[in-house]
1. Within the set of pairs 6+ apart or on separate chains, which have a first residue in segment B:25-44 that is outside any strand (DSSP E or B), a second that is surrounded by fewer than 14 Cβ atoms within 10 Å (Cβ to Cβ) and modelled with pLDDT under 95, and C-beta atoms under 8 Å apart?
2. Among the residues of segment A:208-218, is there at least one that is closer than 25 Å to B:THR273 by Cα and within 11 Å of chain B (Cβ to nearest Cβ)?
3. State whether the residues of segment A:68-90 include one that is within 14 Å of chain B (Cβ to nearest Cβ), part of a loop (DSSP other than H, G, I, E, B), in contact (Cβ under 8 Å) with a residue 12 or more places away in the chain and closer than 17 Å to A:GLY315 by Cβ.
4. Kindly evaluate B:VAL288 against the criterion of being of a type in the set (Val, Ile, Thr) and out of contact with any strand residue (DSSP E or B) (no Cβ under 9 Å at 6 or more places or on another chain).
5. Could you tell me which residue of segment A:22-58 is modelled with the highest pLDDT, considering only residues that are over 20 Å from A:GLY323 (Cβ atoms) and acidic (Asp, Glu)?
6. Out of curiosity, is A:PHE193 part of a loop (DSSP other than H, G, I, E, B) and more than 9 Å from chain B (Cβ to nearest Cβ)?
7. For residues that are under 16 Å from the mean Cα position of the chain (by Cα) and of a type in the set (D, E, K, R), scanning just segment A:243-282, find the one that is surrounded by the most Cβ atoms within 10 Å (Cβ to Cβ).
There are 2 protein chains.
Amino acid sequence: MTANRQVILTARPHGIPEASHFAIVESPLPEVAAGQLLVRNLFLSVEPAMRGWVNATANYSEPVALGTVMRSFATGRVEASRHPDFKRGDVVTGLFGWQEYAAVSPDAGVRRVTDLDLPLSTSLGILGLNGLTAYAGLLEVGRPQPGQAVVVSTAAGAVGSAVGQIARLKGCRAVGIAGGPAKAAVCLSEFGFDAAVDYKSGDLDASLAAACPSGVDVYFDNTAGSISDAVMRRLNVGARVVVCGTASVSSWDPPPQGPRVERVLLTKRASMTGFLALDYEHKRAEAVRFLSDRIRDGSLRYREEILDGLDAAPGAIARLYRGENMGKLLVRLTEAA
Amino acid sequence: MTANRQVILTARPHGIPEASHFAIVESPLPEVAAGQLLVRNLFLSVEPAMRGWVNATANYSEPVALGTVMRSFATGRVEASRHPDFKRGDVVTGLFGWQEYAAVSPDAGVRRVTDLDLPLSTSLGILGLNGLTAYAGLLEVGRPQPGQAVVVSTAAGAVGSAVGQIARLKGCRAVGIAGGPAKAAVCLSEFGFDAAVDYKSGDLDASLAAACPSGVDVYFDNTAGSISDAVMRRLNVGARVVVCGTASVSSWDPPPQGPRVERVLLTKRASMTGFLALDYEHKRAEAVRFLSDRIRDGSLRYREEILDGLDAAPGAIARLYRGENMGKLLVRLTEAA
């Protein structure tokens with residue numbers, strides 16, 4: 001019988017998870033209990049939040065236990081179904097883990113992939129959690145008004161590029177902050193930002209001032225750190241900061257020091273709000289409809305970087321944090337494996 | 001003719017304004033133009049925001065110019081009126097400055113004091129900007145739900161004591177943070193807080209943990225600094241931080257360093273929002289009605305510390321920042337002066 005190759009967490013990282021914190025093992029195919037599905041994974045997600053999932057400190061989900069399969073969103077095909085609503089061949093997405101096969105109960109957040117005319121990989125990126133993050137974070141928390149300036153960090157990434165494009169579609173001025181000239185160029189040429197700032201080049205304060213001549217009304221923050229410090233100095237009265245990620249900070253234990261924000265929040269009557277996409281499941285259908293329609297009509301673009309084979313997974317989180325990828329990072333498992 | 005004694009800003013402080021930054025001068029009584037009132041001040045306000053008004057850095061209002069009368073809220077009696085809606089003897093409150101007499105136009109934010117059965121001094125404290133600050137900051141930005149834990153810093157002060165009492169009146173658990181055993185005791189005995197923490201005594205983290213066994217849902221922050229850092233570590237999911245003042249920080253130029261807040265905001269999906277009472281003028285009538293009714297029925301208490309004579313004004317802001325006063329700090333000018 002076919003074995004199930006799995007990526008197991010073997011050591012708890014302090015900071016960024018590296019390949020050395022994982023091992024690949026072969027296990028028997030899982031038992032499929034009554035009411036469950038056996039899913040064969042086709043795409044595994046790699047995302048910044050995984051750092052939080054494997055660190056021991058309290059977070060918005062329990063840490064992945066040592067010796068268990070790495071938690072991950074994945075999209076796969078139903079190989080066998082013991083549930084009346086699903087049949088062999090259905091495409092589903094959910095928390096199936098970094099492994100080839102998963103036995104899952106549909107009520108554990110399994111969703112059917114509906115937009116089958118678009119690449120299945122989109123179910124983990126622009127039509128998955130990344131798209132929901134950009135859509136709900138920007139529109140529900142950032143609440144941009146037409147004509148306002150929206151700044152987003154990691155702007156060439158999966159979430160950032162969607163934030164900038166949604167901002168433009170809503171009539172805002174979109175300014176992207178990205179690392180390196182190639183990523184800044186892609187923000188302009190591919191994602192249609194009004195301005196792009198390469199934070200690795202020159203004086204970030206001066207570049208931001210030039211890119212945001214009327215200040216910043218919404219800041220969608222994926223990085224924290226010195227990039228955010230520079231944006232905070234340019235907030236307008238009533239500005240909203242959506243705290244979505246902290247990619248630039250390698251460890252929060254203890255929290256690093258930075259300039260206190262109280263005074264700028266007070267004088268600008270601005271807000272900083274932590275945002276977790278999973279709190280906005282009720283917006284998912286609306287987000288997927290909005291985004292998929294605009295992919296089809298060509299007004300919304302996305303990039304993916306796809307690594308091949310389960311062996312690529314363990315080192316992929318660190319790759320993300322080194323900023324080597326452009327767009328959504330995925331691992332593809334071949335069905336013929 | 002009577003002279004007008006005035007407190008003039010003579011030097012721009014870096015940090016807390018001291019008596020040495022001001023001088024007292026005698027000027028002629030101001031001319032009263034058509035449409036204006038001549039107001040004789042009875043009470044002058046002293047408040048933490050004055051630090052911001054006299055510092056040169058951009059703020060929510062223009063800095064007080066050197067050589068001009070110190071900006072201040074004040075309450076006084078109309079001595080002469082060239083406006084049809086006001087007559088001699090009316091009691092009015094507004095930005096009349098630290099001086100004995102002011103010639104003002106009613107459309108420059110002059111309000112009639114209506115609750116004349118209560119001491120006139122309340123128009124500058126619990127029924128003035130302090131009351132509006134507590135009421136609107138807590139209810140509009142903090143949005144506490146019955147049963148939730150509301151923590152407030154400078155809890156024995158004019159704003160803090162009102163925040164705690166309003167929280168209790170709305171069915172919340174009120175926890176006050178104050179400096180020294182006397183202030184902490186007053187929070188319990190006079191203002192009815194459920195718990196009070198003396199931040200100057202012992203381990204603030206441990207005291208807060210004991211005072212907030214179920215965490216913190218709303219933090220009304222009047223201090224920033226290490227007091228706030230300790231509260232931030234105890235935020236619940238969905239907590240709201242109302243950034244109202246930064247009393248513990250002596251200078252923001254440059255901003256002091258502190259632990260970065262992004263991670264706690266993210267994992268707790270919490271918010272920090274800068275609050276300025278002057279943005280909530282539309283809530284003033286509601287706030288004054290709520291607060292004055294509860295002063296009359298005995299369910300709301302307030303403290304005032306009244307300094308006598310204009311000569312006491314220049315040193316009063318520093319006194320506030322040294323935490324020497326308890327309750328609203330005012331300067332009283334005698335009508336017979």
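The values are calculated or read from the model by the stated rules, or taken from the named source; none is laboratory data. Worth saying up front: this structure is predicted, and the values here are computed from it rather than measured. Glycine gets a Cβ as well: all are built from the backbone with ideal geometry, and neighbour counts include every protein chain shown.
1. From segment B:25-44, the pairs are B:LEU29/B:MET1; B:LEU29/B:THR2; B:LEU29/B:ALA3.
2. no
3. No, the conditions are met nowhere in segment A:68-90.
4. Judged against the criteria, B:VAL288 is a match.
5. Among them, the one singled out is A:GLU26.
6. Yes.
7. Step by step, filter segment A:243-282, then rank; the result is A:ASP279.
Residue-wise test of (1) in contact with a strand residue (DSSP E or B) (Cβ under 8 Å, 6 or more places away or on another chain); (2) more than 23 Å from A:GLU262 (Cβ to Cβ).
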| residue | (1), (2) |
| --- | --- |
| B:VAL151 | yes, no |
| B:ILE166 | no, no |
| B:GLY176 | yes, no |
| B:LEU188 | yes, yes |
| B:LYS200 | no, no |
| B:PRO213 | no, yes |
| B:MET232 | yes, no |
